[in-house]
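The values are calculated or read from the model by the stated rules, or taken from the named source; none is laboratory data. These numbers come from a predicted model, not from an experiment. FYI the Cβ positions are ideal-geometry reconstructions off the backbone, even for glycines, and counts take in every protein chain you see. The area values use the complete protein model at the heavy-atom level, side chains included, leaving out ligands, DNA and RNA. Shrake-Rupley method; radii C 1.70, N 1.55, O 1.52, S 1.80 Å.
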Amino acid sequence: MSSALEFGIDTFGDVTPGPDGQLKSHAQVIRDVVEEGVLADQVGLDFIGIGEHHRPDYAISAPDTVLTAIAAKTERIRVGSAVTVLSSDDPIRVFQRFATIDAISNGRAEVILGRGSFIESFPLFGYDLQQYEELFEEKLDLFMKVREQNPVTWSGSTRRSLTDQDVFPHVENGLLPAWIAVGGSPQSVIRAAGHGLPLMLAIIGGDPLAFKQFTDLYRRALGELGQPVLPVGVHAPGHVAETDEQAFEDSWPLFGKYFSKIAIERGGRAMGEGQFRAQVGADGAYFIGSPETVAKKIVRVVKGLDLDRFDFKYANGPMEHGKLMKSLELYGTKVVPLVREMLA
């Protein structure tokens, strides 16, 4: 674990209700996310990540554009994706967009690359799901070559070849920071190590310490491949309120429906309140509670997995913007200082 543990937040731009109880427009939700990013900067958080989705319950399909707005209104916080679905995107355009954000933000851009947990982008952009693995492998290989900022010569089966092609704009200082997001696939963990990229683990269920098998595998693979020691982070859902009771009351009606809907879409079953309470418990994957409760859970996971960054997914279903803002405020001003104190 790095002595300078970093704290981030993530959102997918979940569509939220307004004061009248009706769901807001996608446009208003996007404006709210920009406001949330500005608050995250003000309370001293290190990173905001915005996910890419192409479905009605999320407002953000072009996270890099929203990140540009946040970058222009903030001073310190780093801005990045969570995640960029590289399989259904153009690696060259991904690099160009984030290099542009890096310029606008004076070096604060990051990109977290993944295969995505939803598949809507594949038919939308004309990609064949039968090539799921091949698309990511080839596009990641091309992205890594472009990231080196030298003329690129590359060939593959998923797009036309390149010969001695330079890509602009260049990043001013060093390489564009990039991570690989992994949901629990050993192959993906080894892939991240092979490319020499930091690892971001998405933990949305079970005991987070069960992911130690993946952090151990990653660090072992880095050593065997001759790579340097690299950061490991975790992305996990949660909500902070003044008390445990308030946090649960805020969360259960929304989180339960949110995760149930996703589970049913994937052939699973709806979540019951007992299952939800288990995930909210001390060894569960939901970081929901008072600042003290959430801080203790984060410390357990940071120590257990030897983490360098913890990204708190603060939006999970249609929670009101005001409650999201309060959760962010408590996370930055109460939870983070408590975690640092406990670790020290």
Inset, instruction - Would you tally the residues in the range 48-63 being under 20 Å from Asp102 (Cβ atoms), of a type outside the set (Val, Ile, Thr) and crowded, with 23+ Cβ neighbours inside 10 Å? - result: 4
Legend entry - Every residue from the range 330-344 that is small (Gly, Ala, Ser) and either closer than 17 Å to Gln246 by Cα or assigned to a helix (DSSP H, G or I) (or both): Gly332
Inset, instruction - Evaluate the following for Glu273: is it closer than 26 Å to Leu23 by Cα and open to solvent by 10 Å² or more (accessible area, probe 1.4 Å)? - result: yes
Inset, instruction - Being open to solvent by less than 40 Å² (accessible area, probe 1.4 Å), closer than 19 Å to Ser157 by Cβ and in contact with a helix residue (DSSP H, G or I) (Cβ under 9 Å, 6 or more places away or on another chain) narrows it down to one of Ile101, Ile92, so name that one. - result: Ile92
Legend entry - Residue pairs meeting the criteria (Cβ under 8 Å; at least 6 apart or on separate chains; first touching a residue at least 12 places away in the same chain (Cβ under 8 Å) and closer than 19 Å to Gly44 by Cα, in the range 300-324; second polar (S, T, N, Q) and open to solvent by 20 Å² or more (accessible area, probe 1.4 Å)): Asp308/Ser2
Legend entry - Residue list for the range 304-329, restricted to those being part of a helix (DSSP H, G or I), among the aliphatic types (A, V, I, L, M) and surrounded by 22 or more Cβ atoms within 10 Å (Cβ to Cβ): Leu305, Leu324, Leu328
Inset, instruction - Could you check how many residues of the range 171-185 are at pLDDT 95 or above and surrounded by 12 or more Cβ atoms within 10 Å (Cβ to Cβ)? - result: 8
Legend entry - Pairs where the first residue, in the range 266-284, is hydrophobic (A, V, I, L, M, F, W, C) and at pLDDT 95 or above and the second is part of a loop (DSSP other than H, G, I, E, B) and open to solvent by less than 60 Å² (accessible area, probe 1.4 Å), C-beta under 6 Å, 6+ apart: Ala278/Gly284; Val280/Tyr286
Legend entry - Residues located in the range 143-156, provided they are open to solvent by less than 80 Å² (accessible area, probe 1.4 Å) and assigned to a loop (DSSP other than H, G, I, E, B): Gln149, Pro151, Gly156
Legend entry - Residue check for Gln131: assigned to a loop (DSSP other than H, G, I, E, B) and open to solvent by 20 Å² or more (accessible area, probe 1.4 Å): no
Inset, instruction - Find the residue count for the range 12-38, including only residues that are within 22 Å of Pro337 (Cα to Cα) and buried (at least 19 other Cβ atoms within 10 Å of the Cβ). - result: 2
Legend entry - Members of the range 104-116 found to be open to solvent by 40 Å² or more (accessible area, probe 1.4 Å) and either of a type outside the set (S, T, N, Q) or closer than 25 Å to Ser25 by Cβ (or both), listed by number: Ile104, Gly107, Arg115
Inset, instruction - Report whether or not Val301 is closer than 16 Å to Phe7 by Cβ and open to solvent by less than 30 Å² (accessible area, probe 1.4 Å). - result: yes
Legend entry - Condition met for Ala193 (hydrophobic (A, V, I, L, M, F, W, C) and over 26 Å from Phe287 (Cα atoms)): yes
Legend entry - Given (1) open to solvent by less than 70 Å² (accessible area, probe 1.4 Å); (2) more than 21 Å from the chain's Cα centre (by Cα), index of the condition Leu124 fails: (1)
Inset, instruction - State which residue pairs qualify: first residue open to solvent by 10 Å² or more (accessible area, probe 1.4 Å) and inside the range 67-82, second residue of a type in the set (Gly, Ala, Ser) and assigned to a helix (DSSP H, G or I) in any location, beta carbons under 9 Å apart, and separation of 6 or more residues or different chains. - result: Ala69/Gly37; Lys73/Gly37; Thr74/Gly37; Thr74/Ala40
Legend entry - Number of the condition not met by Ile204 [criteria: (1) modelled with pLDDT of 95 or more; (2) open to solvent by 30 Å² or more (accessible area, probe 1.4 Å)]: (1)
